[in-house]
Amino acid sequence: MKRLLLALTALTVALGCAHAADPKPSDDVAVIKTTDGTMVAEFWSDAAPGTIANFIKLAKSGFYDGTAFHRIISGFMIQGGDPLTKDKSKEDLWGTGDPGYKIKAEFNDHKHVRGVLSMARSSDPDSAGSQFFIMLGANPGLDGQYTTFGQLIKGDDVLTKISETPVTASSSGEPSKPAKRVEIQSIQIVPRSSLK
């Protein structure tokens, strides 16, 4: 009887841990309209509430409208959200812009796999602001080091199309600068129930 109780207790704990790791999607989603098509992302309300609140605030204010995915690395990720990408004359500075402030990191247990949204930052863990990236494949080396906060639920074909954009060398020499502009025309925050 004691062994049975121990086994049941272990099973209960295991199931509880598995449930705790499940993403808890929010009621709102982000509709990311680009020149290559539209993607829709859900937020993980259990993962990074401050990061999500910041992203939603910026999106609702139109901050992301007219920015671009300025960094594309095949098999790795696409990066956008830099306000400097609205200005072609500041191209050498693309990748350095922010909203004028930084937010605290909210590292969590969600993995960096295809379609996951995560915050870009410098070597300082608390240096994210507005730039984010969308994963093109799994990269365990980023897990627990960058703040994941959601994932695509629609538009994987668009993600593929963007990832196949030809690239040239960036100002740092990295082969990641899109040869054509991939613009984020808008990011709208809408209720999940409004999706068709």
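The values are calculated or read from the model by the stated rules, or taken from the named source; none is laboratory data. These numbers were taken from a predicted model, which means no experiment stands behind them. Methodologically, a virtual Cβ is constructed for each residue, glycine included, from the backbone with ideal geometry; neighbour enumeration extends over all protein chains shown.
Evaluating SER89 against the criteria (1) of a type in the set (S, T, N, Q); (2) closer than 24 Å to SER193 by Cα; (3) over 15 Å from the mean Cα position of the chain (by Cα) leaves one unmet condition, (2).
If you take the residues of the range 126-160 that are outside any loop (DSSP other than H, G, I, E, B) and among the aliphatic types (A, V, I, L, M), which of them is nearest to the chain's Cα centre (by Cα)? Step through it out loud before you land on a result.
Initial filter on the range 126-160 (outside any loop (DSSP other than H, G, I, E, B)): 128, 132-135, 140-142, 148-154, 156-160.
This time we only want the ones that are among the aliphatic types (A, V, I, L, M), so: 128, 134-135, 142, 152-153, 158-159.
Details: ALA128: 12, ILE134: 5, MET135: 7, LEU142: 12, LEU152: 9, ILE153: 12, VAL158: 15, LEU159: 12 Å.
Checked the range 126-160; the qualifying residue nearest to the chain's Cα centre (by Cα) is ILE134.
Beta carbons closer than 8 Å, at least 6 apart along the sequence or on distinct chains, never pair a first residue in the range 155-169 that is without any contact (Cβ under 8 Å) to a residue 24 or more places away in the chain with a second that is crowded, with 18+ Cβ neighbours inside 10 Å and part of a helix (DSSP H, G or I). Of all residues in the range 52-61, those that are within 14 Å of the chain's Cα centre (by Cα) and either more than 27 Å from LYS161 (Cα to Cα) or surrounded by fewer than 18 Cβ atoms within 10 Å (Cβ to Cβ) (or both) total 3.
Mind listing whichever residues of the range 68-85 are buried (at least 17 other Cβ atoms within 10 Å of the Cβ) and farther than 18 Å from TYR146 by Cβ? The answer is ALA68, PRO83, LEU84, THR85. For the range 32-67, the set of residues classified as in a strand (DSSP E or B), under 18 Å from LEU152 (Cα atoms) and touching a helix residue (DSSP H, G or I) at 6+ places or on another chain (Cβ under 8 Å) consists of THR34, GLY37, THR38, MET39, GLU42, PHE43, TRP44, listed by residue number.
Only residues that are out of contact with any Lys or Arg (no Cβ under 7 Å at 6 or more places or on another chain), under 20 Å from GLU42 (Cβ atoms) and either crowded, with 19+ Cβ neighbours inside 10 Å or of a type outside the set (Gly, Ala, Ser) (or both): list them for the range 111-130, please. The answer is LYS111, HIS112, VAL113, ARG114, VAL116, LEU117, SER118, MET119, ALA120, SER130. Among the criteria (1) outside any helix (DSSP H, G or I); (2) closer than 16 Å to SER74 by Cβ; (3) over 12 Å from the mean Cα position of the chain (by Cα), the one ARG114 does not fulfil is (3).
Sub-6 Å Cβ pairs linking a first residue in the range 26-42 that is more than 18 Å from THR160 (Cα to Cα) to a second residue that is at pLDDT 95 or above and among the aromatic types (Phe, Trp, Tyr), at least 6 apart or interchain, are SER26/PHE43, ordered by first then second residue. Scanning the range 168-189 for residues that are outside any loop (DSSP other than H, G, I, E, B), buried (at least 17 other Cβ atoms within 10 Å of the Cβ) and hydrophobic (A, V, I, L, M, F, W, C) gives ILE184, ILE187.
Return a yes/no flag: does the range 93-103 have any residue that is surrounded by 15 or more Cβ atoms within 10 Å (Cβ to Cβ), closer than 12 Å to GLN145 by Cβ and touching a residue at least 40 places away in the same chain (Cβ under 8 Å). Scanning the range 93-103 turns up no residue that is surrounded by 15 or more Cβ atoms within 10 Å (Cβ to Cβ), closer than 12 Å to GLN145 by Cβ and touching a residue at least 40 places away in the same chain (Cβ under 8 Å).
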